[in-house]
Amino acid sequence: ATKVTKICCIGAGYVGGPTCAVIAVKCPHIKVTIVDLNAARIAAWNSPDFKLPIYEPGLEQVVREARGRNLFFSTDVDKGIEEADLIFVSVNTPTKKSGVGAGSAADLNYVELATRRIATVANSSKIVVEKSTVPCRTAESMRTILEANSKPNCRFDILSNPEFLAEGTAISDLYNPDRVLIGSLQTPEGKAASDALVSVYANWVPTDRILTVGLWSSELSKLAANAMLAQRISSINALSAICEATGANIDEVAHAIGYDSRVGPKFLKASVGFGGSCFQKDILNLVYLSESCHLPEVAAYWRQVVEINEYQKRRFSKRVVDTLFNTITGKRIAVLGFAFKADTGDTRESAAITLIKDFQSERALVNVYDPQVEHSQIWADLQEASPLIPLDSIKKQVTICNSALEACKDAEAVVIATEWKEFLEIDWEAVYQNMNKPAFVFDGRLLVDADKLRKIGFKVTTIGRAEVA
Ligand code: NAD
Ligand code: UDX
């Protein structure tokens, strides 16, 4: 099999950056170059004081160890391609916004452009690895493009190697993955390419955790894994609505269900709704695939996972309005957390964006605080959510604060949107003193001790619990 000595990764984002930085740390004998067209992003990866473009616990240490040794970040995409014997394509694959399949199909433009660049630039044979999450059979299109545009004596072997890391725990997920999945054509050349990639991961991943399968199974497994995970959240969130209506307690129900070893305890935490760049996009991708295969019942089944998630967010903001005596006009609401989950600065599809938009349309005043998200990102997200409202008007309704305490000052209600640990350590007595009365807390993350807050005087509403009189 080819011995991999130089790796190039196209795309220095949430996946390409951490994944290939960890490969560099674990494989000091391999030169790893991560390239991106976005010069600002590359500059941040190269910043002398390690102000990296993404916040991820443990990432800085990894980059400090390998950068300049065998890990490089560059905007010179062509040079990266030319040098490498193995190339990861780790570009974004967002949901299409227009054209055929708008709203559900994946936009493969970035994957195609990167693939065409590889074909144009490569002067020697390459293993090309699909790292991005893509619809089933994308590898086939990549192969056709590469073969139609390659130079003589250049062979391209395509592998699928989807990434399963979760943001916030990316480094530990990469150091100790449940599994690494590698898909290849079941030809001798395909298997040899697969062996070459196996030998990279085998530097730190036990070989029984490296699964080698066919290309299409590998591509579909990624969509399926995210759909199954998101399905558990929508299932528990659907049950949380029943709990609120009946007086059952969603935490107790989840605990009881999860104790069954066939179900397991993870991903059963009721919430204000899942966010992140992957779940919704990948399920919609699966929906589109099902429709393309003339399987409307299958498409409808998976679509419902996304619809329950939308319902959960709507239901939560309605509960806030209902509880605050059916109007929040002119009232100040403190939203704690803006990231889609704790331990990340990523806001893509964050439930907080939907909640704030709902509060804006009720003409409330909103204070936002998040420990990691850049203020400019919050403004960009709120502007994107309400494209017809000028940013100046948004800024009259929304204030970004620098601490939870500041956000809660003079508010009628506190809404917990992200499960940041620091919200557990807030001085709730002080928060209570500074709020208008009655002071409400809405816990969208089952984070705080509701009874403790009630003792202070708060009126507390929790996902999956009936109102307490
Ligand atoms: P991202 O937007 O953070 O990063 C993608 C990067 O690719 C951007 O910096 C962009 O500038 C660059 N890029 C796009 N086209 C390029 C080109 N032609 N040449 C060079 N650079 C180019 O996206 P991400 O979150 O890292 O996701 C990448 C892929 O991984 C997606 O398909 C996603 O579905 C998948 N994925 C993401 C996660 C996650 O947690 N974010 C987890 C698993 C899989
Ligand atoms: C997900 C997958 O977990 C990962 O394997 C894949 O590679 C990328 O997509 P990510 O989106 O980064 O990872 O985070 P994840 O931990 O899955 O959380 C997604 C959303 O679901 C977050 O908004 C989170 O708060 C929410 N969630 C998660 C719940 O509401 N309840 C849970 O029990 C778990």
- [ ] Might you let me know whether the range 159-170 holds any residue that is away from ligand 2 (no atom under 16 Å from the Cβ) and touching a residue at least 24 places away in the same chain (Cβ under 8 Å)?
- [x] yes
Task: Matching option when the condition is open to solvent by 20 Å² or more (accessible area, probe 1.4 Å) and over 20 Å from the mean Cα position of the chain (by Cα), among Ser292, Ser235 - done: Ser292
Open item on the list: Considering only residues that are surrounded by fewer than 20 Cβ atoms within 10 Å (Cβ to Cβ) and more than 14 Å from Gln280 (Cα to Cα), which ones fall in the range 302-320?
Closed with: Arg314, Arg315, Lys318, Arg319
Open item on the list: Checking the condition in contact (Cβ under 8 Å) with a residue 24 or more places away in the chain and farther than 22 Å from Phe164 by Cβ, which residue from Asn92, Asn38 passes?
Closed with: Asn38
TODO: Within the range 92-142, count every residue that is within 16 Å of ligand 2 (Cβ to nearest atom) and over 24 Å from Asp195 (Cα atoms).
DONE: 5
Task: Matching residues, the range 318-352, being within 16 Å of ligand 2 (Cβ to nearest atom) and either part of a helix (DSSP H, G or I) or charged (D, E, K, R) (or both) - done: Lys341, Asp343, Asp346, Arg348, Glu349, Ala351, Ala352
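Listed here are the residues, each with its yes/no results for (1) among the β-branched types (Val, Ile, Thr); (2) closer than 19 Å to Glu130 by Cβ; (3) part of a strand (DSSP E or B).
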site: Ile257; (1), (2), (3): yes, no, no
site: Lys269; (1), (2), (3): no, no, no
site: Ser277; (1), (2), (3): no, yes, no
site: Leu286; (1), (2), (3): no, yes, no
Task: helices (runs of 4 or more DSSP H) (entirely within the range 1-85) containing at least 1 residues that are farther than 18 Å from Val200 by Cβ - done: 39-45, 59-66, 77-83
- [ ] Six or more apart or on different chains, Cβ under 7 Å: which pairs go from a residue in the range 245-258 that's in the same structural domain as Val468 (by TED's automatic domain parsing) and touching a residue at least 60 places away in the same chain (Cβ under 8 Å) to one that's part of a helix (DSSP H, G or I) and among the small types (Gly, Ala, Ser)? Could you list them?
- [x] Ile250/Ser240
Task: Where Phe50 falls short, out of the listed (1) open to solvent by less than 20 Å² (accessible area, probe 1.4 Å); (2) free of Cβ contacts under 8 Å to residues at least 40 places away in the same chain - done: (1)
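The values are calculated or read from the model by the stated rules, or taken from the named source; none is laboratory data. Computed from a prediction, not measured in an experiment: that's the story for all the values here. Quick reminder, even Gly has a Cβ in these numbers, built from the backbone with ideal geometry, and neighbours come from all protein chains shown. Side chains are part of the model used for accessible areas, which takes the heavy atoms of the whole protein and leaves out ligands, DNA and RNA. Shrake-Rupley method; radii C 1.70, N 1.55, O 1.52, S 1.80 Å.
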